[in-house]
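The values are calculated or read from the model by the stated rules, or taken from the named source; none is laboratory data. Because the structure is predicted, anything quoted here is derived from the model rather than measured. A quick note on method: Cβ atoms are made from the backbone with ideal geometry, for glycine too, and the neighbour counts reach across all protein chains shown. When the accessible area is computed, the model is the full protein with side chains, heavy atoms only, and any ligands, DNA or RNA have been set aside. Shrake-Rupley method; radii C 1.70, N 1.55, O 1.52, S 1.80 Å.
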Amino acid sequence: MARSFDTIVVTGGAGFIGSNLIRYLFEKAGYRGRIVNLDALTYAGNPESLADIAAKYGQEGEGRYFFVKADIRDRASVERVFADYRPDAVCHLAAESHVDRSILGPEAFVTTNVIGTFTLLDVAKEAWKGRGEGETLFHHVSTDEVYGSLGETGYFTEETPYDPRSPYSASKAGSDHLVMAYHHTYGLPVTLSNCSNNYGPYQFPEKLIPLMILNMLEGKPLPVYGDGRNIRDWLYVEDHNAAVWTIMQRGESGRSYNIGGENEWENIRLLGRLIEIVAKEAGLDAGELRSRITYVKDRPGHDRRYAIDCSRLKRELGWAQAHSFDEGLAETVRWYLAHKDWCARVRSGEYRRWVETNYERR
Ligand code: NAD
Ligand code: TYD
């Protein structure tokens, strides 16, 4: 029997994956309940990404979408959201998410990813006392980076021991352990997913794919870390969100599911493919773009290869990727070409002023 939910709190819903998830739930998944988007609006959070969704499903529309500016580290704010909206599910995406930033400033990663997750779990446990399996669910969105780094062969399975190597992945590993501890110790109904690298619309242009697209369009160098031969397994964001929704509905409580693209690319090869697509879509010269590839100093502790075995999710819950890489990349490039204003605003900080004028601080 599939679970159904009346009110889902999505944390980090103003970020890349969270905004795509909210859009997907309302517009594609046929979700009929309410969504409360709880987000602190850090540099990575931009409610403008959901302006159309807010107009259609918010207070002026169907009255099923709510935005609350709040920090998951602030227990009183999280308690207030539970008291005001009485959610029966949490889908937890709020996090500090960029590895390079975690190397420069790890503290926010520990406070948000570890303590913030703890705070949410603890408030959910208290709020859901007396309501057990089948009535509530805490879904935690995590990363394959908790498993560490692979050599040339092998795959991460759900049984692979955790071996995080960056402050980002260590903080996500800590949050994963707390989620499972709350299940085993207090009986909190939880599901957990560990996903490979996502790409798609609304991704903050500090991550590889949008950064490269914008640098190509703006005539800037294309910085490749180290020898460019690190490997990532890429998945279109909507395929990730379809998997998360599948797991929330039908995943077994207390279990984790790997989500992946089965789509491994060396960074330098991926960049070559991206150059061809940008050249075609934007009418630029591929040779000139290639001449801007610049090898730069490697990221400290740079994980060599990630590759996901997602056969549990495919076999047990029937999920499958729906977008090919070429299709997804072309779609993404077209989105960034059509949303240069969004890119300029997230980078200039102008969206912060937009936030101040469009949302009341709670
Ligand atoms: P993102 O950086 O684009 O968005 C994160 C969001 O969380 C932002 O809206 C930000 O404002 C919010 N946030 C940050 N700190 C907060 C706090 N203390 N309180 C409330 N909100 C806060 O991240 P993303 O790429 O969308 O990733 C979402 C989740 O998915 C993260 O948990 C990440 O670890 C996980 N994940 C990401 C990828 C990927 O490739 N991007 C892959 C696997 C898993
Ligand atoms: P990133 O998008 O930061 O994701 P993650 O580190 O979480 O996998 O980086 C993806 C890969 O691209 C990673 O191997 C680092 C590399 N990279 C570059 O070579 N140049 C860049 O400018 C960036 C941002 C990343």
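Below, the figures for the structure above:
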| quantity | calculated |
| --- | --- |
| Single residue of the stretch 84-102 satisfying the filter (in contact (Cβ under 8 Å) with a residue 24 or more places away in the chain and surrounded by fewer than 16 Cβ atoms within 10 Å (Cβ to Cβ)) that is nearest to ligand 1 (Cβ to nearest atom) | D100 |
| Residue check for S4: under 17 Å from G116 (Cα atoms), among the hydroxyl-bearing types (S, T, Y) and open to solvent by 20 Å² or more (accessible area, probe 1.4 Å) | no |
| Qualifying position, being at pLDDT 95 or above and surrounded by fewer than 14 Cβ atoms within 10 Å (Cβ to Cβ), among D309, D298 | D298 |
| Flag if V99 is of a type in the set (V, I, T), in contact with a Phe, Trp or Tyr (Cβ under 7 Å, 6 or more places away or on another chain) and under 21 Å from H184 (Cα atoms) | no |
| Qualifying residues in the stretch 211-245 (those that are over 24 Å from G154 (Cα atoms) and acidic (D, E)) - the one farthest from ligand 2 (Cβ to nearest atom) | E238 |
| Given (1) away from ligand 2 (no atom under 16 Å from the Cβ); (2) at pLDDT 95 or above, number of the condition R131 does not satisfy | (2) |
| Filtered residues of the stretch 246-303 (kept if touching a residue at least 60 places away in the same chain (Cβ under 8 Å), on the phi > 0 side of the Ramachandran plot and more than 15 Å from ligand 2 (Cβ to nearest atom)) | G254 |
| Qualifying helices (runs of 4 or more DSSP H) (wholly inside the stretch 61-161; at least 1 residues being closer than 20 Å to F204 by Cα) | 99-104 |
| Residue list for the stretch 48-80, filter: open to solvent by less than 20 Å² (accessible area, probe 1.4 Å), within 12 Å of ligand 1 (Cβ to nearest atom) and either under 21 Å from R23 (Cβ atoms) or among the small types (G, A, S) (or both) | S49, L50, V68, A70, S77 |
| Residue that is least open to solvent (accessible area, probe 1.4 Å) [pool: residues in the stretch 116-148 that are acidic (D, E) and more than 18 Å from N194 (Cα to Cα)] | D122 |
| Candidate set from the stretch 166-187 (those that are touching a residue at least 24 places away in the same chain (Cβ under 8 Å) and over 16 Å from S142 (Cβ atoms)); member that is farthest from ligand 1 (Cβ to nearest atom) | G187 |
| Selection from the stretch 21-47 of residues that are more than 16 Å from ligand 2 (Cβ to nearest atom), open to solvent by 10 Å² or more (accessible area, probe 1.4 Å) and within 17 Å of the chain's Cα centre (by Cα) | R23, Y24, D39, A40, L41, T42 |
| Per-region count, the stretch 117-150, residues within 15 Å of ligand 1 (Cβ to nearest atom), of a type in the set (D, E) and touching a Pro at 6+ places or on another chain (Cβ under 8 Å) | 1 |
| Residue list for the stretch 190-221, filter: away from ligand 1 (no atom under 15 Å from the Cβ) and either surrounded by fewer than 22 Cβ atoms within 10 Å (Cβ to Cβ) or free of Cβ contacts under 8 Å to residues at least 60 places away in the same chain (or both) | L214, N215, L217, E218, G219, K220, P221 |
| Residue match in the stretch 175-189 (condition: closer than 20 Å to Y306 by Cα, in contact with a Phe, Trp or Tyr (Cβ under 7 Å, 6 or more places away or on another chain), surrounded by 16 or more Cβ atoms within 10 Å (Cβ to Cβ) and not aliphatic (A, V, I, L, M)) | no |
